[in-house]
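Enquirer: This is the structure, below, for whatever I ask next.
The values are calculated or read from the model by the stated rules, or taken from the named source; none is laboratory data. All figures in this text were calculated on a predicted structure; none of them were measured in a lab. Here the Cβ is made from the backbone with ideal geometry for all residues, glycine too, and neighbour counts use every protein chain on show. Surface accessibility is based on the protein's heavy atoms, side chains included, excluding ligands, DNA and RNA. Shrake-Rupley method; radii C 1.70, N 1.55, O 1.52, S 1.80 Å.
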Amino acid sequence: MGFSFRDARLVAFTAVSVILLEQICNNKDINNYMPDVPSYGEAKIGVEFVDHSLQHIVEEIADHVGFNNTGADDDNSEGESTIQTSRTMIDRAVKLKKMSDPPKFVVWMFPFPPTQSAPVLSGETLICAYSNACPQKEERRSINLKSLTTHTKFHNYVRDQAWFKVRDWQSFPKNIQIITMLVLLDTHKGACVRALGSSVQTCDSNAYQDYDPYEEDLGSSHFPAKLLQKDETNGSSTVVPDLDATKFAVYGIYPNDNNYRAGSYNSGDDVQSIASAHWLPYVNDIRHRKDALLNFTGYVIGNALINHLTTPNARDLDSLKRVSLLSIFIGDEKLLKANKPFFKYYSENGEAFGSRSTLTNKMMLKHEVKSYFSACLTITINMQGGGLVHNAKQVAINNQEMIKPPLEESPRKDLVLMVDTYFDNIPKHIKENGRRLYANIPKKFPGDLRPYDARAKYAYRLLSQYAKDAKVVITSRIHVGLPALAMGIPVVFITNGGWLPGGHQRTGRVSGLIELFHLISSKDPWPFGNTTTTIGVGPNPGNHVADRYRASFWNRFKRASHFYEDNAKMLGMIPFQRLGRDSAKEDTQDTFHFLLQVEDMKYWQTKRAIEHVFFFHPNARVYIHSNDLTEVDLEIFVESGYDLVVQRYDVVSLGEEAKLVPLDNNQVKSLLVAARLVLWKYGGVVIAKNTFLRKPIPRNIDAGTIMRIGGTEVEMMIYPRFATVLGRYLKTSSTTSSLTQSWKVNVLSEGNSMNCYTNATWDHSADKSWTDEGALAISVEPSVLFSRTSTTLGTMCYELLESICIFCDEVHIEF
């Protein structure tokens, strides 16, 4: 076969395409490209590209070789195929080229916009930490600094960010901005970065190797202020927003407070302040807990014991949306009564009052203030710990020199730390080989501890030793035990006949908290073994309970302000690593299913039904089968550390996969059929949105189904995977189960459902289904359940829905 004119054109077109691909892949400028293709017969191609869009280039090439001229040849199919192939190849080459181009980042880690307009240019990627700080919301990408800085010298600054916020105040966000820019340079080859609003770009991280955020002030840290200038020429101009305009405060003792008494100051107050700082973008104010809200319009996180309170005025009440009273202990009922109008106003116009102790919660509810037991915010502390020089004399008074932490350091985790505790029953070898510390700053501590940062540093040294050195902590202080528990450290909490270093237990300060630990009395024998090499203390018994409290704190922060949510995600605080994630019960069910729609999630009770599963089965996987819900709709569970999966389902496909029977139209629409097919594929437990667990469900339990009274809806269904009986039900289209199971569900009638919700004097003992010990759950009549926006205090449904919860901060009470 001879070499035809069409062959020549194919060769020419392919040659031009290959040359063009080569130019693209080699990053050569195609604007001046004029190919000179060799002659094949009559086809000589010399093309000058005027319009340089790739599609137009391909079309021009095709025009020159005649492939776009209809009728120019007897068969264009081969030419069209070649053109399409070339288009695809060039498109892929362009994508590869873009991927191989050195990235250009525009970075903005401040919670407020820059001081001047801030365009993002073509080819630049915007990294913006706070959702309201960048005008280009659609273009912004968030970032997880905890992950990004791993194995870099900045990692400890990010991990221990709460301490550095307390230490650095307004300098903290400036350091975070520079750290992000430099780490992006280090982790992305050939990258360039600039701050949003600035024209100053850098592509060389080596130019800033001397920068050290661990220094206590920007002047000595070699801070690269140039990177925050508006342009190269004006050194006094900056894109940094006014970081004093909005206040972010923690509760604490005033700086330079002259009421400080040596030897009597409890560092627990500062541990609580550090816990609050975790959640703020930065700290620029400290509010004394007595009058924290007076003449204050900023953001404040209330996490403290309050003995005195100056009632806020009307102007202060207008700012309550920014106030988070989420972990407060009040033990004096007279104080509560005197400030009852304020507390009621707060809980009705802002959020429910977060009570740090069960005693405070009880008093609040007694006086008709919406409240819930929150526990203490210190259970959210998560630190790596600072660099400490362990000089024996300094360790004894917790005054070690603080140094920059090593780049890579494995914590020792081999010491028993004894902090403000009773020693009567602690074995001798533990006392001799452990390390004794003091939460109360000792009298012989050198220097002036009136300045706030000096006292906060003392607290940080304690927290650092828990994080780095402790395999067990023995204490009688809750603000020692709670942060240690939050870091996954077993805690032995010792009481002395009800007495604690801060007073007697009957004051209520620790009610609901000490149950999280290994709780013993100093009068009892030591229960953890008495060998010289080991101490037999396992994980804290309250880890799962603490996980619920932590989830509730996160839920409240997430609802309260985007500042808190964006800060937590930027610094890698979320998702939580649950403390009880490795403490699974192998004898209970581990797979649960809900079949839901978007409409169902409009009712808070549906979310509570899911919470009930995780309350009793914290390490289970819960599938939400839905064709209109997304992961975002239920992300709070995943962010809190729970294993929840949202996935679409198709009854027809499930039926085909099961190879059971062809499904008719009625079966395809039936939730009963869908539930059976889901269990055939996955096994486990299907629960209705109006059914609430009362206890854990054993793994080895009878299969069976409970249906709604007088209906065809499932309240609960339990079957193992691939259960043949499910196929039998589908073949007969049966709506009932022939199995007789040993377990029950309390299915309430409409009348009893109303009593459950509204009648605090209802004698539910007359309802045998309610008191049946074999009942695993309670099912409330949907027409009643979803018509109610709240529950009446003291009713059975109040106990069911407001006591058994994960996100207990969402309070639905009427008095």
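Enquirer: Spin-label point model (7 Å from Cα, Cβ direction): what's the E348 to N206 distance in nm?
Expert: 6.8 nm
Enquirer: Taking the Cβ-Cβ separation of M402 and H429 as r and a Förster radius of 30 Å, what is the calculated FRET efficiency to the nearest 0.05?
Expert: 0.45
Enquirer: Separate question: Which whole-angstrom value gives the distance between the alpha carbon centres of region 276-342 and region 107-182?
Expert: Cα centroid of region 276-342 versus Cα centroid of region 107-182: 29 Å apart.
Enquirer: A follow-up question, please. For V685, what residues show an amide H to amide H distance below 5 Å, using hydrogens built from the backbone and excluding near sequence neighbours?
Expert: T591, F592, H593
Enquirer: Can you tell me the convex hull volume per residue for region 265-416, based on C-alpha atoms, in Å³ to the nearest whole number?
Expert: Here the figure is 148 Å³ per residue.
Enquirer: Further question on the same structure: Assuming R0 = 60 Å, what is the FRET efficiency of A392 and I701, from their Cβ-Cβ distance, to the nearest 0.05?
Expert: 0.55
Enquirer: Arranged from highest to lowest average of other beta-carbon atoms within 10 Å per residue, in what order do the peptides 631-640, 598-607 appear?
Expert: Put in order of decreasing packing, that is 631-640, 598-607.
Enquirer: Explain nothing, just the number: relative contact order of region 382-425, from Cα pairs under 8 Å at least 6 residues apart, as a whole percent.
Expert: Worked out over region 382-425, it gives 32 percent.
Enquirer: In addition: Could you pull out every one of the lysines with an alpha carbon less than 22 Å from that of K104, ignoring same-chain neighbours closer than 8 positions?
Expert: List returned: K28, K95, K137, K146, K174, K189, K226, K230.
Enquirer: Rounded, prolate or oblate: pick one for region 656-697, where a ≥ b ≥ c are the square roots of the eigenvalues of its C-alpha gyration tensor, a/c under 1.5 means rounded, and failing that, prolate if a/b is larger than b/c, else oblate.
Expert: It comes out oblate by the Cα gyration axes.
Enquirer: Just the C-alpha atoms of region 203-254: what Rg/Rh do they give, with Rh taken as the Kirkwood radius?
Expert: Across region 203-254, the Cα-based Rg/Rh ratio is 1.08.
Enquirer: Given points 7 Å out from each Cα along the Cα-Cβ axis, report the T507 to L121 separation in nanometres with one decimal.
Expert: Result for the modelled spin labels: 6.3 nm.
Enquirer: Given the peptides 742-748, 645-651, arrange them by the average over their residues of other C-beta atoms within 10 Å, most packed first.
Expert: Going from most to least packed, we get 742-748, 645-651.
Enquirer: Provide the per-residue ³J(HN,Hα) series for region 173-190, in order, calculated from phi with Karplus coefficients 6.51, -1.76, 1.60 and θ = phi - 60°, each as a whole number of Hz, with x at glycine and proline positions.
Expert: x, 5, 5, 4, 4, 5, 4, 4, 4, 6, 5, 4, 5, 6, 9, 10, 4, x
Enquirer: If DNA, RNA and ligands are ignored and the probe is 1.4 Å, what is the ranking of M573, M754 by accessible area, most exposed first?
Expert: Heavy-atom accessible area, descending, gives M754, M573.
Enquirer: DSSP beta bridges in region 101-240, what fraction antiparallel, as a percent rounded to 5?
Expert: The antiparallel fraction comes to roughly 25 percent.
Enquirer: Another one. Tell me which lysines have Cα within less than 24 Å of K334's Cα, excluding those fewer than 8 residues away on the same chain?
Expert: K290, K344, K362, K366, K370
Enquirer: Using a 7 Å offset from the Cα along the Cα-to-Cβ direction at both Q577 and L294, what is the distance between the two label points in nm, to one decimal?
Expert: So the two model labels end up 4.4 nm from each other.
Enquirer: Given the Cα-Cα distance of T152 and E635 and 0.36 nm per residue of separation, how much length would full extension add, in nm?
Expert: Contour length minus Cα-Cα distance gives 170.9 nm.
Enquirer: Here's something else I'd like to know. Which of the peptides 502-508, 101-107 is most tightly packed, and how do the rest follow, going by the mean number of other Cβ atoms within 10 Å of each residue?
Expert: Highest-to-lowest ranking by the protection proxy: 101-107, 502-508.
Enquirer: Continuing with this model, one more query. Accessible area of region 275-411 with a 1.4 Å probe: how many percent of it is carbon plus sulfur?
Expert: Summing carbon and sulfur atoms, their accessible area is 48 percent of the total for region 275-411.
Enquirer: Rolling a 1.4 Å sphere over the protein heavy atoms, what is the accessible area per residue of region 263-329, to the nearest Å²?
Expert: Solvent-accessible surface per residue comes out at 30 Å².
Enquirer: Determine the shape class of region 486-535: with a ≥ b ≥ c the square roots of the Cα gyration tensor eigenvalues, call it rounded for a/c under 1.5, and otherwise prolate if a/b is greater than b/c, oblate otherwise.
Expert: Taking the square roots of the gyration eigenvalues as a ≥ b ≥ c, region 486-535 is oblate.
Enquirer: Follow-up. Compare M402, M363 by solvent-accessible area with a 1.4 Å probe and give them largest first, with all protein chains kept in place.
Expert: Descending order: M402, M363.
Enquirer: Can you compute the equivalent ellipsoid semi-axes for region 602-651, i.e. the square root of 5 times each eigenvalue of the Cα gyration tensor, sorted largest first and rounded to whole Å?
Expert: 18, 13, 11
Enquirer: Let me ask something else. Sorting K362, K174 by accessible area (1.4 Å probe), largest first, what list results?
Expert: From most exposed to least exposed: K362, K174.
Enquirer: Now for a separate question. Would you kindly derive the ³J(HN,Hα) couplings of region 148-159 from the backbone phi angles with the Karplus curve 6.51 cos²θ - 1.76 cosθ + 1.60 (θ = phi - 60°), listing them in order in whole Hz, with x for Gly and Pro?
Expert: Result, rounded to whole Hz: 5, 8, 3, 6, 10, 5, 8, 4, 5, 4, 6, 4.
Enquirer: Moving on to the next point. So how long is each side of region 335-400 along the principal axes, counting just the alpha-carbon atoms, biggest first, in Å?
Expert: Principal extents (Cα only, largest first): 54, 23, 18 Å.
Enquirer: Same structure again: For region 625-679, what class follows from the C-alpha gyration tensor (a ≥ b ≥ c being the square roots of its eigenvalues): rounded when a/c is under 1.5, otherwise prolate if a/b is larger than b/c, else oblate?
Expert: Cα axes put region 625-679 in the prolate bin.
Enquirer: Could I get the Rg over Rh figure for region 512-662? Both from C-alpha atoms, Rh via Kirkwood, rounded to two places.
Expert: Answer for region 512-662: 1.09.
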